[in-house]
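Beneath this line is the structure, given in structure tokens, with notes to follow.
The values are calculated or read from the model by the stated rules, or taken from the named source; none is laboratory data. On a predicted model such as this, the values are computed, not experimentally measured, just so you know. Ideal geometry is used to build each Cβ from the backbone, glycine not excepted, and the neighbour counts take in all protein chains shown. Side chains included, ligands, DNA and RNA excluded: accessible areas come from the protein's heavy atoms. Shrake-Rupley method; radii C 1.70, N 1.55, O 1.52, S 1.80 Å.
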Amino acid sequence: MSLTAEKITYSYNEGTAAERPALRGVSVFVGRGGWVSVVGHTGSGKSTLAQHLNLLLTPKSGKIEIDGKTAVPGSSGARELRRKVGLVFQYPETQFFAETVREEIGFAPSNWGLKKDELEDCVRAAAAAAGLTPEVLESNPFRLSGGQRRRVAIASVIAMKPDYLVLDEPTAGLDAAGVRDLTRMLNEIRAGGLAVVQVTHDLKSALEHSDMMLVLEKGREIYAGTPEETASYLAEHPVKGLVLPPLVRFAGRMRQSGFDIPIISGIPAMLGALSEGARRI
Amino acid sequence: MGKDPIISIRGAVYSYKGAPSPALCGADLEVLPGEWVALLGANGSGKSTLAKICNALLEPTQGDCFSLSMDCRDPACVPLIRQGAALVFQNPDDQIVASIVEEDVAFGPENLGLTSGEIRRRVDRALELTGLSEHRRRGSHSLSGGQKQRLALAGALALEPKVLILDEATSMLDPEGRAALLECLRELNASGMTLIQITHIMEDIARAGRIAVMQSGRIVWDGLPADFWRGEYLRFGFDEPGELALYRELISRKMIPEGTRPIAEDMAEALCL
């Protein structure tokens with residue numbers, strides 16, 4: 001069971017003078033329970049890729065496969081396949097419209113003709129998965145804190161019972177505690193079998209949580225690898241708009257100065273190497 | 001410029017309608033001209049409310065607030081305060097009004113009754129400072145999140161305020177955009193602009209000259225960054241960023257000099273890496 005994008009090419013305003021290529025042959029693969037982070041600068045095509053995974057955009061060439069089935073845009077099958085991939089847009093809370101969290105989360109399932117108690121079960125399960133307590137369901141979503149609002153937005157996508165969750169910049173605008181809580185929640189959801197594809201320029205959260213990373217630049221795939229491999233690559237080949245976390249940058253400087261330490265090192269390892277002067281000459 | 005505070009808030013209390021507890025309960029803050037203050041605190045600690053009071057967008061239910069030596073309660077002063085102590089919010093979509101970038105930047109100055117030459121000068125300068133000159137003719141809706149934040153900042157800068165209040169206004173910027181913006185803020189501050197920056201981003205905080213911490217609607221700590229890094233940071237329950245933990249170890253082992261900033265590159269330089 002997997003979600004695959006194969007050699008996707010896409011241009012905005014195709015066939016007009018304003019044509020702008022956004023993706024030039026990008027591939028990504030995520031299996032159930034996996035976590036892939038797509039990282040890149042503004043304009044690298046990462047949001048465009050996210051929208052392809054959810055079949056919101058139709059590629060010019062290449063294909064999207066969901067659980068082994070090729071998604072044919074516009075077909076009745078595509079509708080069914082799209083439901084398997086939940087997309088959480090950037091700053092999703094700006095799209096809130098309901099007066100209570102219950103109504104907000106239950107909006108999509110309420111269109112499925114569920115009975116009242118089935119709908120309530122669905123809302124409660126989604127809220128719980130997103131780490132929201134039942135009391136929050138009565139609240140006005142506009143009155144919640146930034147971190148809570150983000151959870152409500154994610155819960156409203158989880159309520160559609162997707163197998164793959166694609167999130168566009170899920171940590172943007174959250175404070176350190178908010179980022180930590182959110183990533184912990186995503187890890188729990190993933191443990192339940194849901195796959196996560198995170199589009200982000202937050203390299204810290206990408207390096208900490210992903211199984212695999214994909215680096216995009218101007219619509220091209222420039223690197224794919226594990227977090228460790230990707231950090232080493234980026235330390236040696238800086239990419240515009242992608243700044244490694246401070247400790248990784250510090251380890252990079254140590255490695256450049258001849259210290260033999262992994263690029264993702266703990267502070268004790270760094271201090272140990274520095275105080276022993278364990279520099280390779 | 002004298003030593004009189006440019007912002008002076010005493011015992012400010014503010015309650016939102018229908019909210020169970022007040023957002024501010026006796027906040028005090030004095031900011032001197034030319035200072036760069038980072039205002040920290042968890043979500044819901046009252047930072048944004050305090051920012052809106054500095055800008056006369058909200059009137060405190062109790063307490064006093066003077067911005068640029070003007071009383072925020074005096075209706076005649078309110079427009080002057082809003083122009084002289086400009087506020088930039090987190091969500092740029094809340095503050096972009098025109099469909100073309102340069103027209104959006106011109107909106108503020110046009111309302112000040114300036115000559116067209118002066119409006120053009122201000123717009124050009126604000127676009128230049130925020131790195132948006134090449135996008136001036138673009139539709140404001142077509143900008144990315146980070147570019148929209150820069151546009152919101154350009155709109156505030158075009159007012160040529162004495163005080164610039166940034167409420168998480170760099171949250172959508174990517175690290176490079178943030179570095180460019182910090183450089184821009186550094187220049188503005190060096191030329192005398194007072195900055196109050198609400199942020200939780202370490203790189204931002206490390207550049208401020210003074211740090212104030214809010215908790216439950218009050219300022220609970222106010223002092224110099226070096227004192228803050230030494231231990232206050234943890235006392236307020238903030239997550240300790242990795243580089244700060246490393247910084248503390250390096251300082252306590254006397255491997256880097258006091259006064260080094262807890263920024264990876266500064267520490268690497270200090271260690272001659």
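Pairs of lysine residues in chain B that meet both criteria, 8 or more places apart or on different chains and Cα atoms under 26 Å apart, total 10.
Restricting to bridges with both residues inside the protein assembly as shown, how much of the DSSP beta-bridge set is antiparallel, in percent to the nearest 5?
Details: 41 of 78 bridges.
Antiparallel bridges make up about 55 percent of those DSSP assigns within the protein assembly as shown.
For the pair the stretch A:92-111 / the stretch B:124-183, the C-alpha centres are spaced 32 Å from each other.
Rounded to the nearest Hz, the phi-derived 3J(HN,Hα) couplings of the stretch B:80-96 under the Karplus curve 6.51 cos²θ - 1.76 cosθ + 1.60 (θ = phi - 60°) are 5, 5, 4, 7, x, 10, 6, 10, 10, 8, 5, 8, x, 5, 6, 10, 8, where x marks glycine and proline.
Among the chymotrypsin sites (Phe, Trp or Tyr not before Pro) within the stretch A:97-147, those in coil by DSSP and having at most 12 neighbouring Cβ atoms inside 10 Å are A:F97.
Please give the per residue accessible area of the stretch B:188-273, computed with a probe of 1.4 Å over protein heavy atoms only, in Å².
Per-residue accessible area for the stretch B:188-273 comes out at 41 Å².
Scanning residues 5 or more positions from A:Y223 or on other chains, those with amide H under 5 Å from its amide H are A:V215, with H placed 1.01 Å from N in the peptide plane.
Carbon-plus-sulfur fraction of the accessible area of chain A, 1.4 Å probe, in percent?
Working: 6570 of 12710 Å².
Summing carbon and sulfur atoms, their accessible area is 52 percent of the total for chain A.
Under a Cβ-only charge scheme (Lys and Arg +1, Asp and Glu -1), can you give me the dipole magnitude of chain B about the Cα centre, in debye to the nearest 20? Could you put the intermediate results ahead of the total?
Numbers: 28 positive and 38 negative charges, 60 e Å.
For chain B, the charge dipole is close to 280 debye.
Scalar couplings 3J(HN,Hα) for the stretch B:133-139, obtained by applying the Karplus form with A = 6.51, B = -1.76, C = 1.60 to θ = phi - 60°, are 3, 5, 9, 4, 8, 6, x Hz; x denotes Gly and Pro.
Per-residue extension of 0.36 nm, minus the Cα-Cα distance of B:A180 and B:R138, leaves a gain of 13.0 nm for this segment.
Residues in the stretch A:2-235 average 44 Å² of solvent-accessible surface per residue, probe 1.4 Å, ligands and nucleic acids excluded.
Centroid-to-centroid, using Cα positions, the stretch B:204-247 and the stretch B:30-75 are 20 Å apart. Working note: Debye formula, equal point scatterers on the alpha-carbon atoms of the stretch B:7-239, no solvent; log10 I(q)/I(0) at q = 0.08, 0.10, 0.13 Å⁻¹ is -0.29, -0.45, -0.77. Among the residues of the stretch B:8-45, those with an accessible-area drop of 40 Å² or more from chain alone to full protein complex, heavy atoms and 1.4 Å probe, are B:N43.
How large is the helix-only mean residue ellipticity at 222 nm for chain A, computed as the sum of -39500 (n - 2.57) over DSSP H runs with n ≥ 4, divided by its residue count, in deg cm²/dmol to the nearest 500?
Numbers: 10 runs with 102 residues, N = 281.
That comes out to -10500 deg cm²/dmol.
If you take the accessible area of B alone plus A alone and subtract the pair, what total do you get in square angstrom, rounded to 100, with a 1.4 Å probe? Spell out each step's value before the answer.
Values: alone 13090 and 14060 Å², together 24450 Å².
Buried surface at the B/A interface: approximately 2700 Å².
Run the dipole for the protein assembly as shown about the Cα centre, Lys and Arg Cβ at +1, Asp and Glu Cβ at -1, nothing else charged, and hand back the magnitude in debye, nearest 20. The partial results should precede the final answer.
Values: 61 positive and 70 negative charges, 159 e Å.
The dipole magnitude comes to about 760 debye.
Summing +1 for each Lys or Arg and -1 for each Asp or Glu among the other residues whose beta-carbon sits under 13 angstrom from that of B:D4 gives 0. Candidates A:L167, A:Q148, A:G106 compared by Cα position along the dipole of the stretch A:25-181: farthest toward the positive end lies A:L167, with charges placed on Cβ.
In Å², what does the accessible area per residue of the stretch B:79-138 work out to with a 1.4 Å probe?
Normalised by residue count, the accessible surface of the stretch B:79-138 is 53 Å².
Considering only A:G146, A:G192, A:G113, the Gaussian network model of chain A with Cα springs below 10 Å gives its largest mean-square fluctuation to A:G113. Taking every residue in A:175-182 and counting other chain Cβ atoms within 10 Å of its Cβ, the average works out to 4.
Please identify the trypsin sites (Lys or Arg not before Pro) of the stretch B:172-273 that satisfy two criteria: DSSP loop assignment and at most 15 other Cβ atoms within 10 Å. Which are they?
Numbers: sites: B:R178, B:R186, B:R207, B:R210, B:R218, B:R230, B:R235, B:R248, B:R253, B:K254; in loops: B:R207, B:R253, B:K254.
Qualifying residues, ordered by number: B:R253, B:K254.
Against the longest principal axis of chain A, how steep is helix A:227-236, in degrees 0 to 90 to the nearest 10, with axes from Cα atoms? Here the helix axis deviates by roughly 50 degrees. Shown for the stretch B:183-227: residues covered by the partner protein chains by 40 Å² or more of accessible area relative to the chain by itself (probe radius 1.4 Å), namely B:H200.
Considering only the Cα atoms of the protein assembly as shown, their convex hull presents on average a projected area of 27.9 nm².
From the residues B:A106, B:S8, B:G41, which one has its Cα farthest along the dipole of chain B in the positive direction, the dipole being from +1 and -1 charges on Cβ of Lys/Arg and Asp/Glu about the Cα centre? Projecting each Cα onto the dipole axis, the largest value belongs to B:S8.
What does the charge add up to near B:S133, with Lys and Arg as +1, Asp and Glu as -1, over the other residues with Cβ less than 15 Å from its Cβ?
Values: positive: B:R120, B:R121, B:R122, B:R125, B:R136, B:R137, B:R138, B:R150; negative: B:E102, B:E103, B:D104, B:D124, B:E128, B:E134.
Neighbour charge sum, excluding B:S133 itself: +2.
Considering only A:P238, A:P73, A:P134, the residue lying farthest towards the positive end of the dipole of chain A is A:P238, judged by Cα position with unit charges set on Cβ.
Local charge sum around A:A78 (other residues, Cβ-Cβ under 14 Å, Lys/Arg +1, Asp/Glu -1)? All intermediate terms of the calculation are to be shown ahead of the outcome.
Values: positive: A:K63, A:K69, A:R79, A:R82, A:R83, A:K84; negative: A:E65, A:D67, A:E80.
It works out to a net charge of +3.
Taking the C-alpha atoms only, the angle from helix A:116-129 to the longest principal axis of chain A is near 10 degrees.
Largest GNM mean-square fluctuation across A:A269, A:A251, A:A191, computed for chain A with C-alpha springs under 10 Å, falls on A:A269. Longest exposed-loop-site-free stretch of chain B, with chymotrypsin sites (Phe, Trp or Tyr not before Pro), DSSP loop and at most 16 other Cβ within 10 Å? That would be B:17-235. Database remark: amide H of A:A22 closer than 5 angstrom to the amide H of A:Y10, A:S11, A:Y12 (H placed geometrically; neighbours at sequence offset of 5 or more, or on other chains; Pro and chain starts carry no H).
Estimated purely from DSSP H runs of n ≥ 4, each contributing -39500 (n - 2.57), the mean residue ellipticity at 222 nm for chain B is -9500 deg cm²/dmol once divided by its residues.
Tell me, which longest segment in chain A has none of the trypsin sites (Lys or Arg not before Pro) that fall in DSSP loops with at most 11 further Cβ atoms within 10 Å? Maximal segment without exposed cleavage sites: A:116-279. Applying the Karplus relation 6.51 cos²θ - 1.76 cosθ + 1.60 with θ = phi - 60° to the stretch B:259-264 yields 3J(HN,Hα) values of x, 5, 7, x, 10, 3 Hz, where x marks Gly and Pro. Under 24 Å of direct C-alpha separation, and excluding same-chain neighbours fewer than eight residues apart, A:K7 reaches these lysines: A:K46, A:K60, A:K63, A:K69, A:K84, A:K218, A:K240.
Relative to the longest principal axis of the Cα atoms of chain A, helix A:176-191 runs at roughly 70 degrees. For the stretch B:256-273, a drop of 50 Å² or more in accessible area on going from the chain alone to the assembled protein chains (1.4 Å probe) is found at B:A264, B:E265, B:L273. Highest mobility in the GNM of chain A, judged by mean-square fluctuation with C-alpha springs under 10 Å and restricted to A:E65, A:E99, A:E169, is found for A:E99.
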